[in-house]
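Asker: The structure is given below, and queries will be raised subsequently.
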Amino acid sequence: MTTTQGKRVGLSTTELSVLGLLSSGEHSGYDLQKQAEAGVGYVWTAAKSHIYAVLPRLVESGFATVRRVEQGSRPDKQVYRITKRGRDALRRWLEEPNEERPGARSTFLLKVFFGDLMSREALLAHVERKREEATRELAEYREIEERIRDEKSSYFGYVTLRWGIAQAEAWIEWADEILAELEERS
């Protein structure tokens, strides 16, 4: 939550994402981290420390509740649940228009833009690395797709996964074209 002169102004994307994860039921911080890695992680990532840091703030502000669960031989754990106030805030955020700037910044594309100022080998290496990265992402997305494609409860996760697949495929196609063009130019 951002603050201005001690006043709460709004929830951060991390806080809102955690509320979204909490909307499926009661979870510990560890459960939330695993849930994020297995699902929403391909469109939103937060460091483990960020998830653990926002949970007490969400409780303090009335967006979530917490209770301690005894675990016998292991240390007690805390589990969190979204409140009505949290659900209302999440719903408002989900339904408001998205204000992303088109053409998000990319250091990689900036370097390619100045490609004539670097060695051919360095430029090729940049494009090849981007292609390899996109190929790894595509393989990961395809594995996730196999698990969730036919699950009705995973429909919206699958919708966003398809965006990731399309983006990875586009990067691979683009890299192949550029590598071929650079080869012709040599």
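Asker: What nm value, rounded to one decimal, do you get for the distance between THR160 and TYR30 when each label is placed 7 Å out toward the C-beta?
Answerer: 2.4
Asker: Further question on the same structure: Please turn the phi angles of the range 137-154 into ³J(HN,Hα) values with the Karplus equation 6.51 cos²θ - 1.76 cosθ + 1.60 (θ = phi - 60°), one per residue in order, whole Hz, x for glycine and proline.
Answerer: 4, 4, 4, 5, 5, 5, 5, 5, 4, 4, 6, 10, 3, 9, 8, 4, 5, 9
Asker: While we're on this one: Along the Cα→Cβ direction, 7 angstrom out, place labels at ARG149 and SER49. What is the inter-label distance in nm?
Answerer: For ARG149 paired with SER49, the spin-label model returns 4.0 nm.
Asker: Under a GNM of the chain (C-alpha, springs under 10 Å), which listed residue has the highest mean-square fluctuation: LEU16, LEU94, LEU32?
Answerer: Highest fluctuation among the options: LEU94.
Asker: Follow-up question, since we're still on this one. Going by a ≥ b ≥ c, the root eigenvalues of the Cα gyration tensor, does the range 93-186 fall in the rounded group (a/c under 1.5), the prolate group (a/b larger than b/c) or the oblate group? Don't skip to the answer; put the middle values down first.
Answerer: Details: a/c = 3.68, a/b = 1.75, b/c = 2.11.
Note, shape of the range 93-186 comes out oblate.
Asker: Here's something else I'd like to know. What FRET efficiency do you get for ASP116 and GLN167 if R0 is 22 Å and r is their Cβ-Cβ distance, rounded to the nearest 0.05?
Answerer: Values: r = 27 Å, r/R0 = 1.22.
Calculated transfer efficiency: 0.25.
Asker: Once Lys and Arg get +1 and Asp and Glu get -1 on their Cβ, which of MET118, THR160, TYR141 lies farthest toward the positive end of the dipole of the range 73-174?
Answerer: Of the candidates, THR160 comes out farthest on the positive side.
Asker: Next question, about the same structure. With springs connecting C-alpha atoms under 10 Å apart, model the chain as a Gaussian network and identify which of GLY72, GLY164, GLY86 has the largest mean-square fluctuation.
Answerer: So, out of GLY72, GLY164, GLY86, the one fluctuating most is GLY72.
Asker: Taking amide H positions as placed 1.01 Å from N in the peptide plane, with prolines and chain starts having none, which residues 5 or more places from GLU26, or on another chain, fall under 5 Å of its amide H?
Answerer: Residues meeting the amide H criterion: none.
Asker: Taking the C-alpha atoms of the chain, how large are the radius of gyration and the largest Cα-Cα span, Dmax, in Å?
Answerer: Rg then Dmax for the chain, in Å: 21.2, 68.
Asker: Quick check on the chain: helices-only [θ] at 222 nm, where DSSP H runs of length 4 and up contribute -39,500 (n - 2.57) each and the sum goes over total residues. Nearest 500, please.
Answerer: The per-residue figure over the chain is -20000 deg cm²/dmol.
Here, each number is a calculation from the coordinates, and none is a lab measurement. Treat the numbers as computed from the prediction; the structure is a model and nothing was measured. Every residue, glycine as well, gets a Cβ built from its backbone with ideal geometry; the counts of neighbours run over all protein chains shown.
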